[in-house]
Each structure stands twice: as structure tokens, then as C-alpha cells.
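Note sheet for the following structure.
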Amino acid sequence: MRLLLIEDDDRIAGPLTEGLGRYGFTVDHVRTGAAGLADSTTAPDLVLLDLGLPDMDGLDVCRSLRARSAVPIIMITARGEEADRIVGLELGADDYLAKPFGVRELIARIRAVTRRAGAPAYAPTGPDDPPRVHQPASGAQVLGPLALNRRTREVHLGGREVALTPREFDLLAYLADDPGTVYSRQQIMDTVWDPHFFGPTKTLDAHVAALRRKLGDPGWITTARGVGFRLTVPGDHPAVEATG
């Protein structure tokens with residue numbers, strides 16, 4: 001598995017690269033956000049992103065990476081503010097790890113993120129590329145104008161592809177298992193994340209907000225106050241589950 005490490009501190013990057021190498025990972029190390037965003041002939045399977053970079057804010061790097069790729073991103077941060085981590089998750093990061101940390105803990109996070117992501121391909125696109133339009137594949141779950149295919153991990157809205165992070169897809173797919181049913185916050189966290197997830201308390205809210213924004217209508221995911229969330233179809237679109 002090939003990792004891209006974007007970290008300017010060699011005192012961290014050196015031992016980390018060596019430690020990950022002992023576990024069979026190949027690590028490409030760059031020291032600046034610009035270098036991490038530069039085109040590469042070798043696409044990484046996962047990005048380890050430090051937020052405190054010398055040339056640009058790591059959050060901006062996260063935003064740029066997510067705009068062109070579904071590659072899993074783990075933020076590495078010494079920042080103590082929960083708000084920074086929440087913003088990073090909302091921008092598309094899949095997890096975060098606070099410094100200091102051990103290599104074994106990082107490997108556990110890498111394995112968890114890639115397991116949830118289903119090893120998505122890194123497929124950057126240019127800002128001027130036209131959006132791709134597809135018809136729902138056979139076996140997709142269709143909810144009004146929304147088509148969700150768990151096999152290909154693709155989501156289309158009105159025939160137009162919606163780019164979701166791996167965690168956003170897992171959240172949407174979980175809510176779509178039974179549209180209209182209210183899932184508690186704990187049920188969602190235990191299933192979409194895991195029962196032992198340790199992170200910001202507002203992680204779920206950030207991902208729900210990101211999904212609402214990408215789906216273009218907050219009515220897709222409604223809040224049951226004091227309980228959790230449900231998936232609904234805005235307007236008069238009937239909910240239909242395709243077979244096959």
C-alpha cells in the first residue's frame with residue numbers, strides 16, 4: 001500500500017516513514033502542501049496530511065485534494081482546537097490523529113479507514129472537466145431522483161454523479177437501508193464509524209451537514225431532535241428499491 005505523507009517536520013516524518021516501512025507500507029514523503037498537490041505519476045492509496053505546513057494551511061490542502069480525488073485522507077495535527085478537526089472532517093478528511101501518536105495506532109487508523117473506504121481508486125480530475133452523467137446501474141437503490149449503488153459505491157442525483165468521501169457514502173448508505181426510519185446517533189456512530197471511535201463529538205453533525213450540502217437539499221436528511229437522523233425524499237418523489 002502506497003501512502004503520501006505531507007509533513008514538514010523531519011523529526012516526525014523520518015521515524016514515521018521508517019516505522020511504516022517495517023509494516024510493509026511504501027511512503028512518499030513531501031514537506032509542503034504544494035508538493036503534495038503536485039501531479040504525480042504514482043497515485044497514493046491514502047494521504048497522511050499534517051495541518052501545520054510551512055507554505056499553506058493543511059485544511060486548504062485537504063479541500064484541494066478532496067475536490068479532485070476520493071483518496072482517503074487522515075489528518076495529523078498538533079492543533080488542540082476541536083473546531084479545526086471538525087472543519088477538516090467536513091472538508092472531506094476521513095479521520096484525524098492528534099500528535100503525539102504511535103505507529104501502531106496510526107496503522108490501526110489506516111486499516112480502519114481503508115476498510116470503510118473499500119480501497120477507492122485515486123482518480124484526479126481537472127477543475128474544467130465537465131461533470132459526468134450516468135444512468136443508474138442495475139441493482140442500484142433508487143430514491144426519487146437519487147440513485148445509490150453499493151456495489152460500485154456511486155451516487156447519482158438526477159443522473160449526475162455526486163462525489164462523496166468514503167465516510168459520507170457509508171453514512172448515506174446506512175440511512176438508506178430503511179428510508180424514513182430514525183437511526184439514533186449511537187447506532188450511526190457504532191456502524192458507520194465503529195463502537196470504539198474516539199474523535200470530536202460533532203463529527204457526525206459535520207458529515208450530515210456535508211451530505212446535505214452535496215445533495216443540494218437539507219430535506220434529504222432530517223433531524224429527529226434528541227434521537228438522531230432519518231433519510232427522506234424531498235418533495236413528492238416516491239421511494240423505490242430496485243431489485244437485481
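Read the figures in this text as sums done on the coordinates, not as results from a lab. Only a predicted model underlies this, so the values are computations on that prediction, with no experimental measurement involved. We place every Cβ from the backbone using ideal geometry, glycine too, and count neighbours over all the protein chains shown.
Could you work out Rg/(2.2 N^0.38 Å) for segment 20-76, with Rg from alpha carbons only?
Working: Rg = 11.2 Å, N = 57, 2.2 N^0.38 = 10.2 Å.
Against the empirical 2.2 N^0.38 Å value, I get 1.10 for segment 20-76.
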Roughly speaking, what is the stretch gain from Gln186 to Lys202, that is 0.36 nm per residue apart minus the C-alpha to C-alpha distance, in nm to one decimal?
4.5 nm
What FRET efficiency comes out for Glu105 versus Asp55 if R0 is 25 angstrom and r is the Cβ-Cβ distance? Round to the nearest 0.05.
0.35
